[in-house]
Structure formats: C-alpha cells, structure tokens
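So the structure is just underneath, and the comments pick up after that.
The values are calculated or read from the model by the stated rules, or taken from the named source; none is laboratory data. Nothing here was measured: the structure is a model prediction, and the numbers come from that model. Glycine gets a Cβ as well: all are built from the backbone with ideal geometry, and neighbour counts include every protein chain shown.
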Ligand SMILES: Nc1nc2c(c(=O)[nH]1)N[C@H]1C(S)=C(S)[C@@H](COP(=O)(O)OP(=O)(O)OC[C@H]3O[C@@H](n4cnc5c(=O)[nH]c(N)nc54)[C@H](O)[C@@H]3O)O[C@H]1N2
Ligand SMILES: Nc1nc2c(c(=O)[nH]1)N[C@H]1C(S)=C(S)[C@@H](COP(=O)(O)OP(=O)(O)OC[C@H]3O[C@@H](n4cnc5c(=O)[nH]c(N)nc54)[C@H](O)[C@@H]3O)O[C@H]1N2
Ligand code: SF4
Ligand SMILES: [Mo]
C-alpha cells in the first residue's frame, strides 16, 4: 500500500450533540495532525456551512491539555493529585471494583453512565452491551429530549416530520424555541434560502433577543414557560377567523370539535396576559400562519425545558394540524428525525440480553440517585460503582449541589473516560484518556436532518488514548463476558448494523459517505396517517400512556391538561422571595460543556454572566459588570451582571455550561436548576428556575 499523501482531505461527520450533525471535510496535514475543518458542500443539508467552533477543531484535538494517560487518584476525591498508571492496570482496577461492588450489593449497584458527548452509535451506545450483559442498572437518558419528544409523540405519534430541506421551500418558517444561529446553524441556511428565493417570512419565538431573534422578520419575545398559551391563542384565531382547515381536521385529527370548544375562551387577550406579548403580536402571528399554507414549524428543544414543556410542545405542534399546513410542500412541522432510521443496534447494545426487570436510573435525577433518594433509586440498592463516558454530569446535571455531594461519596467508585480533565473527571478514582472523533471509526445519524454519515478514523490518536469501544471490550474481557459484540471491532459493528437495518454495507457507505434516509412526502407529512394506531393527530392526550421506556410516569401526571393548553401550575412561577425566572440558554461557542476548555471559545464567550433588564438591575442597585449572587432553595451562584434590554423584566438569562471553576466560589449554573421529576416521563427543566438576584 502506498503511504498516504499530505495534505489531503478526509471525510467525516461532526460527533457533537447538535441536531445539525454536519458532514465535514477535514484537512489532514499529517498522520496525526489536522488543519481546518469545513462543511461538506455537496451534502444538501450541511451545504458547506458549519459552526465556527468545529471549524477550529485543530485547537481542540491538538489541545496540550488533553488527557493522554491513565490516572489513579492519590489524594482525597477532587484533590487533583494523580498517579499515572498503565491503561491495562487501570482496567483491572475498574473490573475489580465492579466485581466487588456487585458481590456486596448485587449487579444493580453498578451504573454505567454515558451520554451524547459523542453521538457516534458505536462509541456512544456500546456501553449498553456491558450493562445488559451484566444486568447493571440502566441509564435512562432524559436530560435533553424527554419533554420535547413526549410532547411531539403525544400529537404526531412519531418522532419525524416534514423533510427539513423543505424549509427552503416554505413561505413562512417558524423557528420556535431554538436559538438556531447558535445551536444548529443549518436551520438558518435553509430558512434564509426560503427568504431569498420566495420572500418567506421568518418568525422566531424565544424569551430573549438572541442572534436568531435578530434575524427574524417577526420576533416574539415571550415569558418563559408560556408557549402553550401562545399556541392556544393562535389556534383560537384560526377557528375564529375561518382559517382552520375543517376538511383536514375531520380527516386527520381526533377531536377537532372538542378542541374548538376548549379554545373558545383562549383569546389573544387571554394569552397576552400570560405571555407578555401584545394582542397585536399574537393576531399578526396567527394571521400569518393561518394565511400561509407553506408554513414550516421548526420546533426546537429550548421551550420544552420547562416543567410544562411536554404540554407546550404538543400545543405548538397542534397548530399545523388546525391550519392544515401538513398537506403542502414546505409546510408542516419538524422537531427531530430520530424516528426514521430504524437501525438494528442489537450487536452494538447487546439488546438480545436486555432484561426489562432491571431498574433504570434517571439521568436528570443524578443528584438524588447518588445521594440515596429512595424514590430516585427505585427502591433498589445505592449506586456504588460507575463508569462514565461522554458526559460531564458534575457540570451539566441539575441540582449540582447534590451531584457534587454524590460524586464526593467515599463509598462510590467512579471511573471517568474523558478527553479532558472535566469537572466530572476531577472527581474520579480512575481517569482513562479517550480518543476524539477523528481518531476512531463511527457512524452518525442526523437529528435535524435525514442522513446517516460515516465518520472513519482519519488520524492517529495521541499515544495512550483509547476508544470507548476498546474500554468496554477490555472491561468485558476482565468480567468474563462473551457476547459477540465485544469481539467485533468498530468497523464490523458499523457494517453489521447497516446490513441488519437494510441500509447496505460499510463498503457502500465508504463510497457514498452518507445515506439519505428521508421517507417519501406522504409519509413525512403524515398524509397516510399519523403514528398512532388510529392514524389521527391527537389533540386529546392521555399523558401517562404516551410512552414509557420501562421507567413509568413521574411527577404530577394526573394534573396534565388533556387538550392543548398553558399548564401554569407546573412551572416555577416567580414569587415574592424569588422575583426572577432564570433560563440557562446555550452559549454559541460551547457545545454543552464541550469547548468550554478551548482558549478561543473561552475568549469569545468571556466569563459567566447574568443578563438582566437594565430597569431590574437599577431597582437592585446593580451596575453593568457588577458581581451578583443568584439564589434559590437549591443554592447560590456568583456571576457578573450584563445589562440587556432584549428580555422581559423579571426574566434573567445565564448563557453557557462553563466549568464550575469559572464561577467565583465554584458553584456552576446548575446549582440553581432542579432535579425534581418532570411530568410525564422525566427530564431536566433547565430553563425553568425561580431565583432571587442580589448585588454582592
Ligand atoms: N452553540 C451551541 N450549540 C448547541 C448546544 C450548545 O450548548 N451550544 N447544545 C446542543 C444540544 S445538546 C441541544 S439539545 C441543542 C438544543 O438547541 P435548542 O433547540 O436551540 O434548545 P436550547 O438550546 O435549550 O434553547 C433554545 C432557546 O430556547 C429559549 N427558551 C428557553 N425557555 C423558553 C421558553 O419557555 N419558550 C421559548 N419560546 N423559548 C425558550 C432559550 O433562551 C434559547 O434561546 O443544541 C445543540 N447545539
Ligand atoms: N443548565 C443547563 N444544563 C444543561 C443544558 C442547558 O441548556 N442548561 N443542556 C442539557 C442538554 S440539552 C444536554 S444534551 C446535556 C449535555 O451534557 P453532556 O452529555 O455532558 O454533553 P457534552 O458537554 O457535549 O459532552 C460531555 C463530554 O463528553 C466528552 N466526549 C466527547 N466525545 C467523547 C468520546 O468519544 N469518548 C469519551 N469517553 N468522551 C467523549 C467530552 O470531552 C465532554 O467533556 O447538558 C444538559 N444540561
Ligand atoms: S456543532 Fe453542530 S453546527 Fe457545529 S459542526 Fe457540529 S453539527 Fe455542525
Ligand atoms: Mo441536548
């Protein structure tokens, strides 16, 4: 074989937890060195556009602070004192700790813990094979999607929708509760295409004037947790003004008469009082979507991160079912395409070994789980051993005080497999160094689009780094597990999954780079019926039965409204002691907690701040740049004030998942967010916290 020539371009996919899952062209400078990363021009979703932080990936992958050695804790937990150890010895110690814990308290005391730091299906999900083979506690991954998906499924019966590329063919694009400029830039590519080609109107609905709102023709800035009210008033106007598509309603929906009657009182004036929008804004928006057949509702995650988030998502999704927009190209709704890929992950996840009687523990309740809350532990043994891959719970999980207390427990053994020394890795007993995406083989599926994309190994990792798959297989060997999935390598897993799923072979994919899995127009627009057994869109919801995932309903499910509504009682409304509502929106230069270690991202983001309305600041005696304390019953956080006019009074926003050490006093922003169970199936209401704010 000829030696590879440099520089050259390699093909990949962005592994980060971002709906865009961009197809990438990677400049390869040497066997172990990359240059610039660009978006693939010939992928018709990516269209050559990626975010700046991934374009600068050389900075992250060649970061001098990367972990490249296995470490064993020397001092107290979190002391930062480590001893370098051999990788194989580290795996021996982890396996031994797991066996010891299991012998004492049963297999469920071990909690393999992972999330979406990489979205690669082999590297991310392989840990489940270990879990199923050993009957360790399951990881109920709720932190991101639960309220959103539950609300969407409640209406449509599936996680799918209009082809996201159709946004470019819309006459109105409603960008609802997603800061797409920052969080999934390609939505903007397609929406702006529609504006250029067709004069389409772009509507954005958010709680502050972020970069996406600034690009909108109509920017609706409402109070957090009130989207259900806006949606109801819009549908009220559609019925009132003869803009509801009654033929469509009769053919495709379950309870149009009940809905119309239910909405009779939900007028724009009613919604204005709740949302803080004006009646005129609501009327304008309703008329626009009611008179524009090709209205594309691009529903994001942000507005679902409220305790009434599932209800809000369902209410927003109900609008195109009333207007009939689903029938038209460029119309309908889209949230995620997760439901279209029908991938058979038996070998990757060891699903043939799945025992549904083994408990699952809720990611969003990591704090309560690790501090012994009997309800969060589902009546089972305490967690005394963990391996963590691709997630940074000490930064990202709600109710951080509990999370920290849990990870600090002396009777809890924790191994963390990481690329950098995160807040979580700092609390570990053993740290293992991980490869980055360009250093291992994997395959990625779009959330915001319809492609399966190959991400092959393109460069050599630093000596010492291991793939997730290698770590899991190494542990399995030591634990005496013989599932065939442990013996296969990454490429064999990709090939087997593709073949079993009917998507061809790895060799095919290597040639094509990506597979377009889009379903046909009728299916995507639910014109052959929605995903429920009766094939109707459901306005009426029995929340406890929407889905279950072997966990069961939680929270005040019985109080959930059965028709689209504003579920006021669920959210943490401001009160005299906590006059502000805090949202913790994403930072453009970070990807959750990833990139919060790269100098250029830190440089562009500055420091942890609180955006507060100038009049609120004045009333508290706070000036721009002042250090302030934000607090509630869960704890206190110190940040610098940034006066910002683009939000409602009584709303404050702190952008970004900074390392806890970036905060004066070391309490990260999730100190203020709650780990209480969110109805109906859990999740993290990270934009729904009542707080007080004080000058220091
Ligand atoms: N740059 C960057 N990109 C990211 C991420 C990141 O951290 N940084 N995170 C990635 C991940 S994991 C995900 S899941 C996606 C999420 O991406 P999005 O779908 O965009 O969701 P969020 O980032 O949670 O919030 C989006 C917007 O919702 C707003 N919001 C909060 N509460 C409400 C409300 O009650 N109503 C309305 N209408 N809006 C509200 C927030 O202020 C924010 O501007 O982004 C991904 N992409
Ligand atoms: N306050 C507040 N909290 C939030 C949010 C919010 O908006 N506000 N957003 C929430 C959301 S939507 C999400 S999805 C979560 C995300 O939270 P996390 O899942 O923790 O997300 P990341 O920070 O993207 O990734 C975590 C780690 O994965 C590591 N990693 C990446 N690739 C690999 C790999 O191949 N192998 C290994 N071993 N490690 C790898 C990275 O180095 C990074 O440190 O945070 C949630 N928390
Ligand atoms: S983080 Fe999102 S927008 Fe940026 S390259 Fe990755 S998938 Fe694309
Ligand atoms: Mo997420």
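Quick notes on this structure:
- Per-region count, the stretch 7-36, residues closer than 15 Å to residue 116 by Cα and either touching a strand residue (DSSP E or B) at 6+ places or on another chain (Cβ under 8 Å) or assigned by TED's automatic domain parsing to the domain that holds residue 189 (or both): 7
- Some residue of the stretch 640-652 being surrounded by fewer than 21 Cβ atoms within 10 Å (Cβ to Cβ) and within 16 Å of ligand 2 (Cβ to nearest atom): no
- Positions within the stretch 353-389 being more than 24 Å from the chain's Cα centre (by Cα) and assigned to a helix (DSSP H, G or I), in sequence order: 353
- Annotation: of all residues in the stretch 548-560 being in contact with a helix residue (DSSP H, G or I) (Cβ under 6 Å, 6 or more places away or on another chain) and in a loop (DSSP other than H, G, I, E, B), the one that is farthest from residue 687 (Cα to Cα) is 553.
- Strands (runs of 3 or more DSSP E) completely within the stretch 391-497 that count 1 or more residues being more than 18 Å from residue 73 (Cα to Cα) and outside the structural domain of residue 163 (by TED's automatic domain parsing): 442-445, 451-455
- Taken together, 182, 204, 170 contain a single residue that is out of contact with any strand residue (DSSP E or B) (no Cβ under 8 Å at 6 or more places or on another chain) and not assigned by TED's automatic domain parsing to the domain that holds residue 386, which is 182.
- Matching residues in the stretch 152-211 - criterion: being farther than 30 Å from residue 611 by Cα, touching a helix residue (DSSP H, G or I) at 6+ places or on another chain (Cβ under 7 Å) and part of a loop (DSSP other than H, G, I, E, B): 158, 159, 160, 161, 162, 163, 170, 171, 200
- If the condition is being over 22 Å from residue 646 (Cα atoms) and either at pLDDT below 95 or outside any strand (DSSP E or B) (or both), then the stretch 573-591 contributes 575, 576, 577.
- Meets criteria (more than 16 Å from ligand 3 (Cβ to nearest atom), part of a loop (DSSP other than H, G, I, E, B) and either surrounded by 23 or more Cβ atoms within 10 Å (Cβ to Cβ) or over 22 Å from the mean Cα position of the chain (by Cα) (or both)) for residue 128: no
- Helices (runs of 4 or more DSSP H) enclosed by the stretch 1-117 - at least 2 residues per element that are away from ligand 1 (no atom under 16 Å from the Cβ): 57-61, 87-105
- Scanning the stretch 483-494 for residues that are crowded, with 20+ Cβ neighbours inside 10 Å and either farther than 11 Å from residue 454 by Cα or without any contact (Cβ under 8 Å) to a residue 24 or more places away in the chain (or both) yields 485, 486, 490, 493.
- Residue in the stretch 338-352 that is within 16 Å of ligand 1 (Cβ to nearest atom) and closer than 27 Å to residue 178 by Cβ present: yes
- Residue check, residue 199 over 15 Å from the mean Cα position of the chain (by Cα), at positive phi and free of Cβ contacts under 8 Å to residues at least 60 places away in the same chain: yes
- Hits in the stretch 564-605 (condition: out of contact with any strand residue (DSSP E or B) (no Cβ under 9 Å at 6 or more places or on another chain) and over 23 Å from residue 300 (Cβ atoms)): 569, 576, 597, 598, 599, 600, 602, 603
- Within the stretch 505-517, tally of residues that are assigned to a loop (DSSP other than H, G, I, E, B) and either surrounded by fewer than 15 Cβ atoms within 10 Å (Cβ to Cβ) or touching a helix residue (DSSP H, G or I) at 6+ places or on another chain (Cβ under 7 Å) (or both): 2
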